[in-house]
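A.B. asks: Dumping the structure here so I can ask a few things about it.
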Amino acid sequence: MGLSQLIRKQVLLALTVGLVCSAALADLSVALRSDNSDGPISLPGAVISAVPLDSQLSEGVTAPPRDMAQENRQFRPYILATQVGAPVHFPNRDPIAHHVYSFSQTKTFELPLYREDTPEPIIFNEPGVVPLGCNIHDWMLGYIVVVDTPFYTQMTGAEAVLKNLPPGEYEIAVWHPSLHPEETLGKIVTVTGKDQLETLVLHFKRRKVSQPEAPEPRLDEWDDY
């Protein structure tokens, strides 16, 4: 076999292996339903995660940086999902200063009063929920949901889609401030390499929880800090 034929064979083999690996990945759609209602539940911003029971399934997947901004005297987004180990930046897009903090067990931190300069990012090394506040503006409330998996998404409608899952077993979980803690537990799902739909049935006792609205600004507020 000549050198050119050998190289061509190796290239074709690499392409074949790549196609096989790509074909094995599947999208998992997740819907929420109450045990006392047949209709779907929509929880905008709810975090849906798939934790592989075999840790090797997530090897080589990097944790991308995320932004939790302050904008119009609110946290944007209200709920931010991120992966363990990912840096989270806190840009201030308001013309006034903010003082961001959290006293959560997952991550306690404080970003003292700042306006234009974005502080160094915070690294979240443990999974869990991190409620956020501002020392200057008491109504400001936000959540960072830290998951120990690269396979996560957030709901925007009746379903959420977890993309590109390798075949294997996963524990699917959901988190939203409207849910009671016992409802955030998920179920074990086997991903077979084909796109599929799973429904999480919740013992739904939804609380009416939403992001507090910012009050009307005072005329002199922009000069406070």
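The values are calculated or read from the model by the stated rules, or taken from the named source; none is laboratory data. Worth saying up front: this structure is predicted, and the values here are computed from it rather than measured. All Cβ positions, glycine included, derive from the backbone under ideal geometry; neighbour counts span all protein chains shown. All accessible areas refer to the heavy atoms of the entire protein, side chains included, with ligands and DNA or RNA removed. Shrake-Rupley method; radii C 1.70, N 1.55, O 1.52, S 1.80 Å.
A.B. asks: Could you please let me know if Gly85 is open to solvent by 10 Å² or more (accessible area, probe 1.4 Å), part of a loop (DSSP other than H, G, I, E, B) and free of Cβ contacts under 8 Å to residues at least 12 places away in the same chain? Steps first, answer last, please.
C.D. replies: Details: open to solvent by 10 Å² or more (accessible area, probe 1.4 Å): yes; part of a loop (DSSP other than H, G, I, E, B): yes; free of Cβ contacts under 8 Å to residues at least 12 places away in the same chain: no.
Here the answer is no, as Gly85 does not meet what is asked.
A.B. asks: Report, by residue number, each residue of the range 204-219 that is open to solvent by less than 80 Å² (accessible area, probe 1.4 Å) and modelled with pLDDT under 70. Explain how you work it out, then say what you get.
C.D. replies: Of the residues in the range 204-219, the ones open to solvent by less than 80 Å² (accessible area, probe 1.4 Å) are 204, 209, 211-212, 214-215, 217.
Phe204, the sole residue that qualifies.
A.B. asks: Go through the range 48-72 and count every residue that is in contact with a helix residue (DSSP H, G or I) (Cβ under 9 Å, 6 or more places away or on another chain) and open to solvent by less than 10 Å² (accessible area, probe 1.4 Å).
C.D. replies: If we filter the range 48-72 for residues that are in contact with a helix residue (DSSP H, G or I) (Cβ under 9 Å, 6 or more places away or on another chain), which is where we start, we get 51-52.
Still in the running and open to solvent by less than 10 Å² (accessible area, probe 1.4 Å): none.
Going through the range 48-72 one residue at a time, the tally reaches 0.
Residue-wise test of (1) closer than 16 Å to Arg76 by Cβ; (2) among the aliphatic types (A, V, I, L, M); (3) open to solvent by 20 Å² or more (accessible area, probe 1.4 Å).
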position: His89; (1), (2), (3): yes, no, yes
position: Ala97; (1), (2), (3): no, yes, no
position: Thr108; (1), (2), (3): no, no, yes
position: Glu120; (1), (2), (3): no, no, yes
position: Ile144; (1), (2), (3): yes, yes, no
position: Lys163; (1), (2), (3): no, no, yes
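A.B. asks: Same structure, new question: Which residues, taken from the range 122-142, are in a loop (DSSP other than H, G, I, E, B), open to solvent by 40 Å² or more (accessible area, probe 1.4 Å) and over 17 Å from Arg66 (Cα atoms)?
C.D. replies: To start, the set of residues in the range 122-142 that are in a loop (DSSP other than H, G, I, E, B) comprises 124-127, 135-140.
If we keep only those that are open to solvent by 40 Å² or more (accessible area, probe 1.4 Å) too, we end up with 125-127, 135-136, 138-139.
Within the range 122-142, Asn135, Ile136, Asp138, Trp139 qualify.
A.B. asks: Out of Ala69, Ala81, Ala31, Ala46, I need the residue that is under 23 Å from Leu200 (Cβ atoms) and at pLDDT 95 or above. Which one? Steps first, answer last, please.
C.D. replies: Working: Ala69 fails: under 23 Å from Leu200 (Cβ atoms); Ala31 fails: at pLDDT 95 or above; Ala46 fails: at pLDDT 95 or above.
Only one candidate qualifies: Ala81.
A.B. asks: Report yes if Thr153 is touching a Pro at 6+ places or on another chain (Cβ under 8 Å), open to solvent by 10 Å² or more (accessible area, probe 1.4 Å) and touching a residue at least 12 places away in the same chain (Cβ under 8 Å), otherwise no.
C.D. replies: On the way: touching a Pro at 6+ places or on another chain (Cβ under 8 Å): no; open to solvent by 10 Å² or more (accessible area, probe 1.4 Å): yes; touching a residue at least 12 places away in the same chain (Cβ under 8 Å): yes.
Judged against the criteria, Thr153 is not a match.
A.B. asks: Does the range 45-75 hold any residues that are among the charged types (D, E, K, R) and touching a residue at least 60 places away in the same chain (Cβ under 8 Å), and which are they? Walk me through it before giving the result.
C.D. replies: Narrowing the range 45-75 to residues among the charged types (D, E, K, R): 54, 59, 66-67, 71, 73.
Within the range 45-75, Asp54, Arg73 meet the criteria.
A.B. asks: Just checking, does the range 1-22 include any residue being at pLDDT 90 or above and open to solvent by 30 Å² or more (accessible area, probe 1.4 Å)?
C.D. replies: Applying the first criterion (at pLDDT 90 or above) to the range 1-22 yields none.
Checked against the condition, which is being at pLDDT 90 or above and open to solvent by 30 Å² or more (accessible area, probe 1.4 Å), the range 1-22 yields no hits at all.
A.B. asks: Would you check which residues across the range 175-203 are modelled with pLDDT under 75, open to solvent by less than 50 Å² (accessible area, probe 1.4 Å) and closer than 15 Å to Leu43 by Cα and list them?
C.D. replies: Initial filter on the range 175-203 (modelled with pLDDT under 75): 181-186, 203.
Retained after the next criterion (residues that are open to solvent by less than 50 Å² (accessible area, probe 1.4 Å)): 183-184, 186.
Matches in the range 175-203: Glu183, Thr184.
A.B. asks: Arg115 versus (1) closer than 30 Å to Glu59 by Cα; (2) among the basic types (Lys, Arg); (3) modelled with pLDDT under 95: which is the lone unmet condition?
C.D. replies: The failed condition is (1).
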